[in-house]
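To keep things clear, I will list the structure first and then write my remarks on it.
The values are calculated or read from the model by the stated rules, or taken from the named source; none is laboratory data. Bear in mind the structure is a predicted one, so any value in this text is a computation, not a measurement. Ideal geometry is used to build each Cβ from the backbone, glycine not excepted, and the neighbour counts take in all protein chains shown. Heads up: the accessible areas ignore ligands, DNA and RNA and are worked out on the full protein's heavy atoms, side chains in. Shrake-Rupley method; radii C 1.70, N 1.55, O 1.52, S 1.80 Å.
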Amino acid sequence: MRGSPREISLWRFGDGSWSYTLIPEPDISTELARQSDARAHGTTHCVSFQPNGLEENWNQDVQLRAIFDGHMGYDTVNHVAEHLSTKVQDRLNNAFPKLDPDSVSSLLAEVITTVDDSLLVDLLSGIPSESQLSSLTEYEVQNILGGDHRSKVLRSMQGTTVIIALTNPDNEDLWVASLGDSYAVLGIQSSYDDRRESMFLSSYHNGLNPRERERLIRGHPNEPEVLSRNRVLGGLAVTRVQHACNHVSGDYPYKLPSIYTDRVFLHASQSRNQRELINSVNNRNLTPPYISNVPDVKYVDLKSKRLGDSPSRLNTDKKGNDIVLRMCLLMCTDGLVDLYEDELETKEPLDIFQRCMDVACAVPTARYCKTSTTDHCDNVALSILRDALGGTDIEKVSTMMTVEMQDKWMDDTTILFEFL
């Protein structure tokens, strides 16, 4: 990779000057495609990007025809990604042909909840009861955490968000299940005059959402630190209270009494930062659980939308003649929106996604892109990532790709873009 060393001072990276490498075209496009593992599978385009190369900062996002945004480690996100899709497929096969939109929605919700519940079953299968934990010695606790059970503890302690999309073979029905604060957005483009609309298919559960803040505070009164720095108990960005509809898989330090954190999770922690975070959360853990594991599932009748169920009537021209609608699905982790943080001061997230759709529509022949990790020119997801990193500003994109810092300077960012 060719490039010239530079230094830059940007508020995003903190005080002081930081070294980075200015990469010229076409090398910067090729390198970004390589680092983000840009590829296409039929009409689905995807990238997953985390430029920090230190092992503790490796990308914790996982994608199938879904996105799992992991946090605090890799055990939970890898486990859920491995087992969830298989269980969904098995349940669909067993239910076929008695499937309707409501039953598929229920099936998706049940499978996601069951996978999360299994993490708790695995955890409790190898440790004493709550009343017995307080009397264990340090040596006894370490023995419990030895062998295979440590991995079960780690899976319950860490967490992941979930966005999973399901369509039937003729793309007439679409289901999107969401758990946490990743995004799914449906885009519709008219072939007549290029009019477009975008609509959220996911539910956004984050401490910055006023409705979520109110719900959490109402569910845990007289706890001033239930939200600290817009995070649940000061630790977790995504939020939902007990008996609400959404959250994440895992994250049992937010769901169980603090004795489990004191006697189990802290002993299983793998780094000082992890222990400090868990300790901070545990000091605020008074009335668990603070989060739940039941996802939102939204169904979209794509056939009806093509025939006229579209708020802006994209399906007819001025004379009422039928026109062709092109539909697409954008799925991403919250890292993509974070990259547009300057614009979010004056725009809403849906405006950002409309911009992403505009970038996608400008990619030539993208619908027919062949599966490849190097033929990046027509990869829609890569084009969106490039725009978020700085677009044609090579200096900004180079900085985001190569700045020499040990700490993460951007969140893991995964994008799936699919033509429907």
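Quick check: anything in the range 348-355 among the acidic types (Asp, Glu) and either modelled with pLDDT under 90 or within 29 Å of Leu382 (Cβ to Cβ) (or both)? Checking the range 348-355: at least one residue is among the acidic types (Asp, Glu) and either modelled with pLDDT under 90 or within 29 Å of Leu382 (Cβ to Cβ) (or both). When Leu336, Leu382 are checked against the criterion of being out of contact with any Phe, Trp or Tyr (no Cβ under 9 Å at 6 or more places or on another chain), buried (at least 16 other Cβ atoms within 10 Å of the Cβ) and modelled with pLDDT of 80 or more, Leu382 stands alone in meeting it. Number of residues in the range 9-25 that are under 30 Å from the mean Cα position of the chain (by Cα) and modelled with pLDDT under 85 equals 7.
Test Val153 against the stated conditions and say whether it is under 17 Å from Thr261 (Cβ atoms) and open to solvent by less than 20 Å² (accessible area, probe 1.4 Å). Quick ask: steps written out before the conclusion?
On the way: under 17 Å from Thr261 (Cβ atoms): yes; open to solvent by less than 20 Å² (accessible area, probe 1.4 Å): yes.
It is true that Val153 is under 17 Å from Thr261 (Cβ atoms) and open to solvent by less than 20 Å² (accessible area, probe 1.4 Å).
Can you name the residue in the range 351-366 that is open to solvent by 60 Å² or more (accessible area, probe 1.4 Å) and either touching a residue at least 24 places away in the same chain (Cβ under 8 Å) or touching a Lys or Arg at 6+ places or on another chain (Cβ under 9 Å) (or both) and, of all such residues, is nearest to His45 (Cα to Cα)? Across the range 351-366, the extreme among qualifying residues is Asp358.
Restricting the first member to the range 92-117 and to residues that are in contact (Cβ under 8 Å) with a residue 40 or more places away in the chain, and the second to residues that are among the hydroxyl-bearing types (Ser, Thr, Tyr) and not in a helix (DSSP H, G or I), the beta-carbon pairs closer than 6 Å and six or more apart or on different chains are Pro101/Tyr299; Ser105/Tyr299; Asp116/Ser249.
This table checks each residue for (1) in a helix (DSSP H, G or I); (2) within 24 Å of Gly159 (Cα to Cα); (3) not polar (S, T, N, Q).
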{"residue": "Glu25", "(1), (2), (3)": "no, no, yes"}
{"residue": "Cys46", "(1), (2), (3)": "no, yes, yes"}
{"residue": "Asn59", "(1), (2), (3)": "no, yes, no"}
{"residue": "Val77", "(1), (2), (3)": "yes, yes, yes"}
{"residue": "Ser85", "(1), (2), (3)": "yes, yes, no"}
{"residue": "Arg91", "(1), (2), (3)": "yes, yes, yes"}
{"residue": "Lys98", "(1), (2), (3)": "no, no, yes"}
{"residue": "Leu107", "(1), (2), (3)": "yes, yes, yes"}
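If you go through the range 394-420 and keep only what is aromatic (Phe, Trp, Tyr) and assigned to a loop (DSSP other than H, G, I, E, B), you end up with just Trp409. Can we say Glu212 is within 23 Å of the chain's Cα centre (by Cα), among the acidic types (Asp, Glu) and modelled with pLDDT under 85? Yes, satisfied. Here the condition is being open to solvent by 60 Å² or more (accessible area, probe 1.4 Å), at pLDDT below 80 and within 25 Å of the chain's Cα centre (by Cα); of Asn246, Asn293, Asn321, Asn273, it holds for Asn273 alone. Has the range 124-134 got at least one residue that is in a helix (DSSP H, G or I), open to solvent by less than 30 Å² (accessible area, probe 1.4 Å) and touching a residue at least 60 places away in the same chain (Cβ under 8 Å)? Checking the range 124-134: at least one residue is in a helix (DSSP H, G or I), open to solvent by less than 30 Å² (accessible area, probe 1.4 Å) and touching a residue at least 60 places away in the same chain (Cβ under 8 Å). Scanning the range 91-123 for residues that are β-branched (Val, Ile, Thr) and buried (at least 18 other Cβ atoms within 10 Å of the Cβ) yields Val104, Val111, Ile112, Val115.
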